[in-house]
Each structure stands twice: as C-alpha cells, then as structure tokens.
1. Tally time: how many residues in the stretch 175-212 are within 16 Å of the ligand (Cβ to nearest atom), open to solvent by 10 Å² or more (accessible area, probe 1.4 Å) and touching a strand residue (DSSP E or B) at 6+ places or on another chain (Cβ under 7 Å)?
2. Just for the stretch 56-92: of the residues that are at pLDDT 95 or above and among the charged types (D, E, K, R), which one is surrounded by the fewest Cβ atoms within 10 Å (Cβ to Cβ)?
3. Give me the pairs, please: first residue somewhere in the stretch 117-135 and over 16 Å from Asn8 (Cβ atoms), second residue anywhere and among the hydroxyl-bearing types (Ser, Thr, Tyr), beta-carbon distance under 6 Å, and either six or more positions apart or on two chains.
4. Might you let me know whether the stretch 66-81 holds any residue that is free of Cβ contacts under 8 Å to residues at least 60 places away in the same chain, in a helix (DSSP H, G or I) and out of contact with any helix residue (DSSP H, G or I) (no Cβ under 9 Å at 6 or more places or on another chain)?
5. Within the bounds of the stretch 142-161, is there any residue that is in a helix (DSSP H, G or I), in contact with a Leu (Cβ under 9 Å, 6 or more places away or on another chain) and among the polar types (S, T, N, Q)?
6. When the stretch 213-226 is examined, which residues are found to be open to solvent by less than 70 Å² (accessible area, probe 1.4 Å) and within 16 Å of the ligand (Cβ to nearest atom)?
7. What residue, among those in the stretch 227-256 that are assigned to a loop (DSSP other than H, G, I, E, B) and open to solvent by less than 10 Å² (accessible area, probe 1.4 Å), is farthest from the ligand (Cβ to nearest atom)?
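The values are calculated or read from the model by the stated rules, or taken from the named source; none is laboratory data. Note that the structure is a prediction, hence the values are computed from the model and not measured. Note that each Cβ is placed from the backbone with ideal geometry, even for glycine, and that neighbours are counted across all protein chains shown. Please note that ligands, DNA and RNA were not included when accessible areas were found on the heavy atoms of the full protein model with its side chains. Shrake-Rupley method; radii C 1.70, N 1.55, O 1.52, S 1.80 Å.
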Amino acid sequence: MNKLAVGNIKMNIISKIERDNYLKILRDKLKGKTFEETSIIICPPAVHLEYFSEKIKKGNIFWGIQNAHWENSGSYTGEISPAMAKEMGADFEIIGHSERRSNFGETNDMVNKKIFSAFKNNLIPIMCIGENIDERKSGETKKVVLNQILEGLKDLTKSKVSKMIIAYEPVWSIGTGETPRGEEIMGVRILIQKILADQFGLTIKQMPKILYGGSVDYKNAREVCLSAGMDGVLVGGESLYPDSFIKIAEILEDKI
Ligand code: PGA
C-alpha cells in the first residue's frame, strides 16, 4: 500500500438510483485495471456502506466511514458506532474532518477519543488537520497543525501513530478550487514529520501516511500529491464522479 486515493462522498448520493448508478460507473471504470501501488478507499454515507462494500469486493478497493462516535453502543441518539461501521464493511474512519469540527463542534479531545475507539475496532483512523483562512493569513499554520496533532494524538503509542493516516486539509482549500503550491504542501509534510519525530520518536520509516486534501482533481493531483512528496490524496467533490476519481488513482499509480 504505497499511495492512497481516499474519496469522501460527504452527504451525497441521495436515491437508490443514484447509488446504483455510482456503483455501475465505478465498476466500469475499474474494469481491466489493477492497482498495485495505489489503494482506493471510498467513504460513502453510512447508510450506503453495507451495500457498497457488498457489491464491490476487489483487491485494493476499501471502504471507510466519514465519522463515527467513540462509544460502540448506548444512548447516543442518531450516532453510528465504529463497531457498526466495521461490521458493515469499513476498514477506515475519517476523523476530525473540518466540516465536523466547524459544523458539529468536534474538538481535538473528541478526535482523540475517536482515534482510540477506531483502533479498538480495527479501523484505520484518517485524522484531518489544517488551518483556516484567518489562521493562514496571520501565519499560524504551524501553531494550528502542532496543536491539532498534540491534542488529537495525545497518549497514543508510537506504533499506533505509525499505523494511522494523517490528512493535511487546509480548510480554505476545501471545495474552493484553490490549492496551496506543491512546495507549501511539502513544507507542511516536513513539519508534521518533525512533530511526530520530536513527540513520538518516529523515524522516517515509521512515519504514518500523510495525505493532501482540498480541491484535488485529476488536473492537479500530480502537483499536490506526487510533486509535493505526499502519500496520497483525500478527495471530496471529485470523488462523486467515479470517472475522475479513478483517474486520480491512476495518476498516483503513475499510469497516466
Ligand atoms: P474537496 O473536499 O475535494 O471537495 O475540496 C475535500 C474534503 O473535504 O475532504
């Protein structure tokens, strides 16, 4: 598993017709293709998880949940537990997406609890971090990233940190069509690695996968991922189009 193309479908794909259509196109696009260097991870809305994971079982295609509670069961009306997600076919869990942080008050402390519970349920956590536009303008990116990592990964062992995935997603880039330059992304990658080396004693070989996310499409995937030395991408909008999304995976695989 060298490179990762993660698709975050968000709260989209409303009808059964849309769902079936998505799967049909995805299947067509995957036909005859093998991905050896790249793993594809798609995170549909939770209600589609079981259906999707049952319909497509193929090497190097995995499923994930966009969010889950930290408890496995109990009086948490409306929530979905990581154990349920695992049972329905998920192997990954997105945690601390900026839309969860800003719209639903998710804190670093909650992110931390969710990372622990994801591991407990054999889900690989994909922790999202990144600065907003004001923080960027006032030169606070480093401070924000440091804080999100220190609090989000509090009390995790070195080996757990090594197994997770971190997605650097500058909030100002999500859904806006704007992306940082390749060298800026690379700078944040180096910063994340330095924090993990200092705080957890990770060597370069033990570093977790670090992804870039924010307005990724097949036209910029090479720059924001490959040129920036990242391990993959977290794709929102473009993952709604299996055609474009698979093209991104092929770019990571270095096929086009
Ligand atoms: P975007 O979203 O690709 O639509 O910018 C990315 C994300 O929210 O993870």
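1. Residues flagged as within 16 Å of the ligand (Cβ to nearest atom), open to solvent by 10 Å² or more (accessible area, probe 1.4 Å) and touching a strand residue (DSSP E or B) at 6+ places or on another chain (Cβ under 7 Å) within the stretch 175-212 amount to 2.
2. If we take residues in the stretch 56-92 being at pLDDT 95 or above and among the charged types (D, E, K, R), then Glu87 is surrounded by the fewest Cβ atoms within 10 Å (Cβ to Cβ).
3. Glu131/Thr141
4. Taking the stretch 66-81 first, the residues free of Cβ contacts under 8 Å to residues at least 60 places away in the same chain are 66-81.
From the residues that got through so far, the ones that are in a helix (DSSP H, G or I) too are none.
For the stretch 66-81, residues free of Cβ contacts under 8 Å to residues at least 60 places away in the same chain, in a helix (DSSP H, G or I) and out of contact with any helix residue (DSSP H, G or I) (no Cβ under 9 Å at 6 or more places or on another chain): absent.
5. Filtering the stretch 142-161 down to residues in a helix (DSSP H, G or I) leaves 142-152, 158-161.
Going one step further and asking which of them are in contact with a Leu (Cβ under 9 Å, 6 or more places away or on another chain), we end up with 142, 145-146, 149, 158, 160-161.
Retained after the next criterion (residues that are among the polar types (S, T, N, Q)): none.
Within the stretch 142-161, none of the residues are in a helix (DSSP H, G or I), in contact with a Leu (Cβ under 9 Å, 6 or more places away or on another chain) and among the polar types (S, T, N, Q).
6. Keep residues of the stretch 213-226 that are open to solvent by less than 70 Å² (accessible area, probe 1.4 Å), which gives 213-217, 220-221, 224-226.
Passing the criteria: Gly213, Gly214, Ser215, Val216, Asp217, Asn220, Ala221, Val224, Cys225.
7. From the stretch 227-256, those assigned to a loop (DSSP other than H, G, I, E, B) are 228-231, 236, 241, 253-256; that's our starting set.
Going one step further and asking which of them are open to solvent by less than 10 Å² (accessible area, probe 1.4 Å), we end up with 228, 230.
Values: Ala228: 15, Met230: 14 Å.
Here the answer is Ala228.
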